[in-house]
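Below is one structure, written out as structure tokens; the observations come after it.
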Amino acid sequence: MKTTEQGIRYIELMDGEPAMNIPAMVKTAKTAYKPFNFKDKIEFLFFYSERKDFSHAIFTEYGIIDDEFDGKKAVHHPFGVKSIIGIEMSGNDTIPLIAFVLGQAIEHFKQNMDIRRHAEWQELDKSDSYQCWQTYFCQVHSSVIRQGMQGSTDLFLRSLPFVLAKKEESFSAPYFTGTFRHLIHSMSELYVMRQAGETEQADDHTKTLEELTDSAFMEIYEKLYAELAEYLETLGIKYNEVHDCAIFNVIEQRKNQFAALYS
């Protein structure tokens, strides 16, 4: 067991991997969430090259069953009021991955802020609208880190046209949840671009969306983009306060509007 300079415990599950400065990577990722203090909120960070090693470790130590085939490279498991986190060592992607999953730890912390509402938050944690907010919150901060490293901040925006080119299929019931999550990711990246002053690139992506869809789609898209951005800039970044559940109703409403477009 090792610890970062902020007192976060971590374990390396890699064999024969070149030495990497994990504390420095965690420190960089944490800058996305200033001034949040992660100490005593994370049980362990596990760094691995093979997901099965992480799955085996947390089952052996904590009895937690991990779906090692879900394809995620950054994994968050609640552990009481703390978090157990797994991160795949993925080169330049590692630090943005750490930033993403640290956001999930913050959201888990917020859920446990008010014990009287604990049961409500446990139910909320399973709702898709809450998961979409969490995706937005984590992706914004992950993209901020990626942008600071001069990496690509439009991974989802660049792939979104392929989804929209087959709207009838993408918005059909079997695929809609994944499509809506993709839209949420794209709004996160668009927000970071605009905040960074990359307006020309953001406008190019918006123009592509307009060409592939119609005015009804863009109206819903822009409304949800604005609603998520406003919430993020107000209560969304007040880490020590419980969420206003109204935002999850807004997300659900927009989701239903998207679902009705091409069905």
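The values are calculated or read from the model by the stated rules, or taken from the named source; none is laboratory data. Note that this is a predicted model, so its numbers are computed, not measured. Glycine also receives a Cβ, built like all others from the backbone with ideal geometry; neighbour counts cover every protein chain displayed. Calculation scope for accessible area: heavy atoms of the full protein, side chains included, ligands and nucleic acids excluded. Shrake-Rupley method; radii C 1.70, N 1.55, O 1.52, S 1.80 Å.
Odds and ends about this structure:
- Zone residues, segment 186-218, relative to K167, backbone N less than 13 Å from point 7 Å out along Cα-to-Cβ: 209-218
- To put it simply, the accessible area of the chain at a 1.4 Å probe is 50 percent carbon and sulfur.
- Nitroxide proxy distance, nm - points 7 Å out along Cα→Cβ at I11 and E50: 1.6 nm
- Computed from label points 7 Å out along Cα-Cβ, the spacing between D203 and D40 is 5.0 nm.
- With Cα atoms, 0 to 90° folded angle of helix 155-164 axis to the chain main axis: 40 degrees
- Here segment 120-262 has an Rg and Dmax of 14.9, 43 Å, counting Cα atoms alone.
- Residues I237 and M1, FRET efficiency given R0 of 30 Å [Cβ-Cβ distance, rounded to 0.05]: 0.45
- The alpha carbon radius of gyration of the chain, expressed as a multiple of 2.2 N^0.38 Å, is 1.02.
- Protection proxy ranking of 61-74, 21-34 - average other beta-carbon atoms within 10 Å, highest first: 21-34, 61-74
- P(r) weight above 18 Å for segment 51-180, C-alpha pairs, percent: 64 percent
- Across the alpha-carbon atoms of segment 117-187, the computed radius of gyration and Dmax are 14.6, 43 angstrom.
- The residues of the chain expose on average 49 square angstrom of accessible surface per residue, using a 1.4 Å probe on protein heavy atoms.
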